[in-house]
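Working notes, structure below.
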Amino acid sequence: MKAAILVFPGINRERDMARALRLVSGHEPAMVWHAETSLPAGTDLVVVPGGFSYGDYLRCGAIAARAPVMDAVRDYAAKGGLVLGVCNGFQILCESGLLPGVLMRNARLKFICKDVHLRVERSDTPFTRGYNAGQVIRVPVAHGEGNYEADEETIKRIEGEGRVLYRYCSADGVVDESHNINGAAHSIAGLVNDKGNVLGMMPHPENHVEDIMGCTDGRGLFAGLTAHLEKAA
Amino acid sequence: MKARVTVTLKAGILDPQGKAIEGALKSLGVDGVASVRQGKVFDIELAGADKAKAEAALKDAADKLLANTVIENYRVELL
């Protein structure tokens with residue numbers, strides 16, 4: 001794995017992400033500054049980490065989405081390269097047009113910082129092959145704008161194509177409005193683009209990868225990506 | 001030249017902030033508030049005096065950055 005983690009001013013989860021990738025894949029990721037116009041040669045995973053890029057000014061992720069490095073990421077993604085965006089990274093991917101829809105203010109207006117349960121909807125993707133379909137994992141969320149919305153037609157297409165990979169649910173995997181923490185359409189916590197190579201998700205799998213964190217449910221995502229890339233190499 | 005770009009949420013997009021403000025206005029006893037939608041206003045100063053060019057530049061700015069046209073509409077005014 002040759003991962004590249006994008007760094008924007010105001011991002012604060014890039015070190016957690018680097019630590020998780022190093023731990024699970026055994027490879028050191030490159031940190032790539034937002035003003036760069038290209039990605040390191042041989043990059044096979046781009047990660048847009050969480051935080052508060054540009055202080056969430058204008059709209060969450062709006063300014064970072066227009067940074068020079070994002071043109072390189074768009075080219076890379078168009079060629080099928082894997083991109084993972086977490087939290088603010090998900091917002092940046094939506095604002096940059098790499099994912100459809102938008103992340104609105106949480107339905108009950110509160111910043112939510114707690115562990116949540118996610119149902120893994122399918123296991124046949126690079127982003128979920130470390131899990132079983134239907135498996136429930138526990139990972140933390142920390143966001144004020146995670147309420148995923150898109151127009152009806154887009155949601156219908158996303159669902160029809162099986163592009164929702166993670167959904168908010170109860171501890172035993174029940175998806176309903178009482179476990180839809182932020183009011184997202186169809187309890188969507190993470191989805192992929194039409195080609196399936198770009199994932200955006202609000203929860204932070206990188207924060208549940210070591211025993212000392214109290215849970216290691218997030219490892220599966222990184223283990224799956226590592227296995228996918230090693231098989232491809 | 002001075003200009004103003006107003007960005008508002010499209011109809012049908014849930015606006016929890018507007019709803020909270022609406023609730024606060026009602027609890028303050030402000031009469032006759034039916035609903036509130038929150039938006040953004042950008043006051044922009046432009047170099048040059050060509051109105052057509054200015055309008056084109058402002059539209060470009062709104063499409064590229066100021067508004068997310070998935071959920072927002074915008075209006076450009078030269079003042």
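The values are calculated or read from the model by the stated rules, or taken from the named source; none is laboratory data. Quick caveat: nothing in here was measured; it's all calculated off a predicted structure. All Cβ positions, glycine included, derive from the backbone under ideal geometry; neighbour counts span all protein chains shown.
Assess whether A:LEU221 counts as being out of contact with any strand residue (DSSP E or B) (no Cβ under 7 Å at 6 or more places or on another chain), modelled with pLDDT of 95 or more and not aromatic (Phe, Trp, Tyr). Yes: the conditions hold for A:LEU221.
Total residues in segment A:101-111 satisfying the condition of being within 17 Å of the chain's Cα centre (by Cα) and more than 8 Å from chain B (Cβ to nearest Cβ): the figure is 1. Could you say whether any residue in segment A:67-81 is at pLDDT 95 or above, loosely packed, with under 15 Cβ neighbours inside 10 Å, of a type in the set (Gly, Ala, Ser) and over 22 Å from B:ALA67 (Cα atoms)? Yes. Listed conditions (1) in a loop (DSSP other than H, G, I, E, B); (2) of a type outside the set (A, V, I, L, M, F, W, C); (3) within 14 Å of chain B (Cβ to nearest Cβ) are all met by A:GLN91, apart from (1). Checked against (1) among the small types (Gly, Ala, Ser); (2) in a loop (DSSP other than H, G, I, E, B); (3) in contact with a Gly (Cβ under 6 Å, 6 or more places away or on another chain); (4) under 30 Å from B:LYS10 (Cβ atoms), A:GLY85 passes all but a single condition, namely (2).
Of all the criteria given as (1) more than 14 Å from every other protein chain (Cβ to nearest Cβ); (2) on the phi > 0 side of the Ramachandran plot, the one not satisfied by B:GLU45 is (2). Residue check: is B:ALA54 over 29 Å from A:GLU152 (Cβ atoms) and more than 14 Å from every other protein chain (Cβ to nearest Cβ)? Against the criterion (over 29 Å from A:GLU152 (Cβ atoms) and more than 14 Å from every other protein chain (Cβ to nearest Cβ)), B:ALA54 qualifies. For A:LYS79, the requirement of being farther than 13 Å from A:MET202 by Cα, within 11 Å of chain B (Cβ to nearest Cβ) and out of contact with any Leu (no Cβ under 7 Å at 6 or more places or on another chain) is not met.
Filter the strands (runs of 3 or more DSSP E) completely within segment A:126-233 down to those with at least 2 residues that are away from every other protein chain (no Cβ under 14 Å) and surrounded by 16 or more Cβ atoms within 10 Å (Cβ to Cβ).
Result: A:136-143, A:164-169, A:188-192, A:198-201.
Condition check ((1) of a type in the set (Val, Ile, Thr); (2) closer than 23 Å to A:ASP151 by Cα; (3) surrounded by 12 or more Cβ atoms within 10 Å (Cβ to Cβ)) across all residues:
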position: B:GLN38; (1), (2), (3): no, yes, yes
position: B:ALA47; (1), (2), (3): no, no, no
position: B:ASP50; (1), (2), (3): no, no, no
position: B:GLU55; (1), (2), (3): no, no, yes
position: B:LEU65; (1), (2), (3): no, yes, yes
position: B:VAL70; (1), (2), (3): yes, yes, yes
position: B:TYR74; (1), (2), (3): no, yes, yes
position: B:LEU78; (1), (2), (3): no, no, yes
